[in-house]
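K.L.:
Below is the structure I would like to discuss, written out as structure tokens.
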Amino acid sequence: MRAAGFFVWACTTCWLVETVRSLPQLNEKARHLTRSDLLVTFGTTSTEDRLDFVKASRGWRKGTRAVIVVDKEVPAAVASDAWKHHEAYLVHPDRDPAKGHFSQFSGDAHAAIAPLLAHQQLESGSGHPAEEYKWILLGDDDTLWFMGGVLKLLQTFDHNLPYAVTDEMFWHTWGDPAAERFHEDGPPRCLPCHFNASAYKTDPAALFTPPVGCPCTPDVICSADKRGILNEACDYPGVMDNPRAGPLYSVDGGAGVLLSVGLMRALDLEAMQHCITTSHGSASDHIFTYCLWQQGYAITLPNSAAMPTGAAQEHLFSPRDNTNGQTHNTENKRGDIMTKLLWSAEGSPHCNASCETSLLSMVSLHVRSRGLRNLHAASLLIKSLSELYHTFLAGMGPQLQDQPT
């Protein structure tokens, strides 16, 4: 493993500390959480078109450190510019899917292991406060994080507790269209430690009603299983060797997951890394979820009650369009978000209170580059959405601006 970019953090300490001090806070109750407390990480390849995603992400992650895990060393020009954008590049080789290793996608190796390498890189640093972090934002290279929503959401979480937070999961049986659901059908997961369970609106048709988890563990989930989803051994609620045989239980890597420093410090990183590099699954997010379960931790729902009034039941991570009952319609939702942001920028009355609440509630969006004409188009879309989102936050008042000053 080799790194590019981190060496400059130590020699620019004074500048970084001053930057941290200047970052705005959402409010006095936000546990003093700012962009400097966040660490963005994702895996990608060192090809020019994929590195364009890295460049595109600089707009929405300005003022936030990033660790990008690649399959081979990036060009010298890219590495030399890393410090300007608070970037570091770590190299981790792909596995060969033809040899039966890992998953069906060769790039999943460095994608799944990215948060472990990022955490190790910072933990082994000088220990200066400028190198500490509280939350890892783990997504795909075409994941767009809305930092205003991220900071607002995390203000009620204790980063010292082990948390893996998302409301977007794959939870279905392959081959059964009626069961191919994502977040609606209640996959096994927990409510946050500080959440008032009585305020959670349960769906009588849901297979699982989430318990409060402090932290969320397989044992907590199994104790709350009243419908026999899990067996008595409390095994992982999915199939690994042949996940397409079903059922599939996994976070959605494109929608992303928020990992607390408390979780990363609680993990046996060596065992976790061994699990990731030797397990079989459908993709990196699937294997990461499985290995997290084997370490004794499960997924926690976000505390959506911390979001703007009216968003308590809003889907926060990569919200999906529900047109005609189809939940996996990212194309419609991309357009919906773009339209609302344009309305806001134009001062259009169409972006009413409901529109603003929806935009304030967004935590992430999976752009899904595979659904666009080419990767360049995806990069341009990420840049455009980022700029419009910053314009929207600026229009909502200085207390919501997520850009460094």
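K.L.:
Taking the residues in region 348-366 that are of a type in the set (Gly, Ala, Ser) and within 17 Å of the chain's Cα centre (by Cα) as candidates, determine which candidate is surrounded by the fewest Cβ atoms within 10 Å (Cβ to Cβ).
P.N.:
Per the stated criteria, the residue is SER361.
Okay, residues lined up against (1) of a type in the set (D, E, K, R); (2) modelled with pLDDT under 85; (3) within 17 Å of the chain's Cα centre (by Cα):
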{"position": "ILE287", "(1), (2), (3)": "no, no, yes"}
{"position": "GLN295", "(1), (2), (3)": "no, no, no"}
{"position": "ALA312", "(1), (2), (3)": "no, yes, no"}
{"position": "ASP321", "(1), (2), (3)": "yes, yes, no"}
{"position": "LYS333", "(1), (2), (3)": "yes, yes, no"}
{"position": "LEU342", "(1), (2), (3)": "no, no, no"}
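K.L.:
Can you list the helices (runs of 4 or more DSSP H) found entirely within region 54-172 that contain at least 3 residues being touching an Asp or Glu at 6+ places or on another chain (Cβ under 7 Å) and modelled with pLDDT of 90 or more?
P.N.:
Fully inside region 54-172 and qualifying: 147-154.
The values are calculated or read from the model by the stated rules, or taken from the named source; none is laboratory data. What you are looking at is a predicted structure, and each value in this text was computed from that prediction instead of being measured. Methodologically, a virtual Cβ is constructed for each residue, glycine included, from the backbone with ideal geometry; neighbour enumeration extends over all protein chains shown.
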